[in-house]
Amino acid sequence: MIKLKDLLLQELKKTSHVTTAAHETTAIKNVWSGRLPIYPKLMKKILGDVKINSFHTTNFEGLKNVKSTVGTKKSLSTFTALQKDSMMAAGGGVQTKGGFVLQLEGNLLISSTADIGSVPDSSGRRWIHAATLEDYFGIVPNNGFSEDSIFDAIKKADKRWFELHEKYVTWYRFHDENPEIYPWEELTGKEKAEYIKRWVDGWEKFLVANKTKFIKHFGQEVIEHSTGPGLHFGWNELIIYNIKIKDVFIVSDSYAMSTVWDNWDGRTNMRASKYSTKKEIMAAAKKVAGGKVIWGKTAGVPGFIKSRGGVIE
């Protein structure tokens, strides 16, 4: 089973319910809210090494963050297929305004024909809500995947985990407002570690037992996206690690570049210290790219993606 030493050391340095940045959570918050960790050691056991060619959009500041994931176990949310009217088909981003489209190569952690709603914790590990897997792909009771939901399966298999879960969730929800009725303290550091580890171990057992069907739904390269009811995101999602950055396309006329480029839309720069020149922007992109850096416009984004194996329809 997984050793959570590094994750727990980080976790216990923080308060248990503080979100440190946008779209980022702590491990214990992910556990009590029913999210499942997707990490290289486990997924290598399930999938092996599945190489993926995919794409990611970010902003100027985000280039350094993406660079920090290269060759590591840190994961990144990417895509291979888009609707032509989606924001990313114009170089926009989900968590940023975009402006930079990166072609990447890496090892697959999990894939979906829709945005699967993955959330990174403060250590870079990705978490996905159990209900997301169940709802999107029919992993519900009586359909042959499992006799119970993932949460119920772990709960039934490990009564100690559920005891810790009830204690923590009750404290989290009610203690601050009603300390007389709920007098006990938050979980101790040792209990937090046990609570997280038991959940992760239970998930690993469940996943190994259902390996074949998991691979069918979430463990393959996908080059299409879902557009049915409730799936109107306009892109698919492939989470990868051990990343290599290949080519970079700079969307020079995108709105995101208005806060970066000193000559955006032909303006005269009145605050030179705030903006960067084209030469400086290109140089920053070349520091992260392993291949070409292309200075282009919004109209060129679809061609960049399609010519490198992506799909826009």
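Residues of region 79-131 being among the polar types (S, T, N, Q) and assigned to a loop (DSSP other than H, G, I, E, B), which ones?
Here is the first cut: in region 79-131, the ones among the polar types (S, T, N, Q) are 80, 83, 86, 95-96, 103, 107, 111-113, 118, 122-123.
Once the filter is applied, which keeps residues that are among the polar types (S, T, N, Q) and assigned to a loop (DSSP other than H, G, I, E, B), region 79-131 yields Thr80, Gln83, Ser86, Gln95, Thr96, Thr113, Ser118, Ser122, Ser123.
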Item to check | Filtered residues of region 21-45 (kept if in contact with a strand residue (DSSP E or B) (Cβ under 7 Å, 6 or more places away or on another chain), of a type in the set (Val, Ile, Thr) and at pLDDT 90 or above) | outcome: Ile38
Item to check | Which numbered condition Val31 misses (of (1) under 23 Å from Arg198 (Cα atoms); (2) assigned to a strand (DSSP E or B); (3) hydrophobic (A, V, I, L, M, F, W, C)) | outcome: (2)
Checklist entry - Within region 94-116, how many residues are of a type outside the set (Lys, Arg) and under 29 Å from Ser252 (Cα atoms)? => result 14
Item to check | Selection status of Thr57, at pLDDT 95 or above and either crowded, with 21+ Cβ neighbours inside 10 Å or not assigned by TED's automatic domain parsing to the domain that holds Gly290 (or both) | outcome: yes
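Here's the yes/no breakdown for (1) over 28 Å from Ile38 (Cβ atoms); (2) touching a Phe, Trp or Tyr at 6+ places or on another chain (Cβ under 7 Å); (3) at pLDDT below 95:
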| position | (1), (2), (3) |
| --- | --- |
| Tyr255 | yes, no, yes |
| Ser258 | yes, yes, yes |
| Arg271 | yes, no, yes |
| Tyr275 | yes, yes, yes |
| Met282 | yes, yes, no |
| Gly291 | no, no, no |
| Thr298 | yes, no, no |
| Pro302 | yes, no, no |
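Would you confirm, using the coordinates I've provided, whether Val50 is of a type outside the set (Gly, Ala, Ser) and at pLDDT 50 or above? Can you show your working first?
On the way: of a type outside the set (Gly, Ala, Ser): yes; at pLDDT 50 or above: yes.
Judged against the criteria, Val50 is a match.
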Item to check | Selected residue (criterion: nearest to Asn107 (Cα to Cα)) from residues of region 218-233 that are at pLDDT 80 or above and buried (at least 19 other Cβ atoms within 10 Å of the Cβ) | outcome: Gly219
Next on the checklist: Filter region 94-111 down to the residues that are touching a Ser or Thr at 6+ places or on another chain (Cβ under 8 Å) and at pLDDT below 85 and list them by number.
Outcome noted: Val94
Checklist entry - Taking region 59-78 as the search range and keeping residues that are assigned to a loop (DSSP other than H, G, I, E, B) and touching a residue at least 60 places away in the same chain (Cβ under 8 Å), which one is nearest to the chain's Cα centre (by Cα)? => result Ser75
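The values are calculated or read from the model by the stated rules, or taken from the named source; none is laboratory data. For clarity, every value in this text was computed on a predicted model and none was experimentally measured. Glycine gets a Cβ as well: all are built from the backbone with ideal geometry, and neighbour counts include every protein chain shown.
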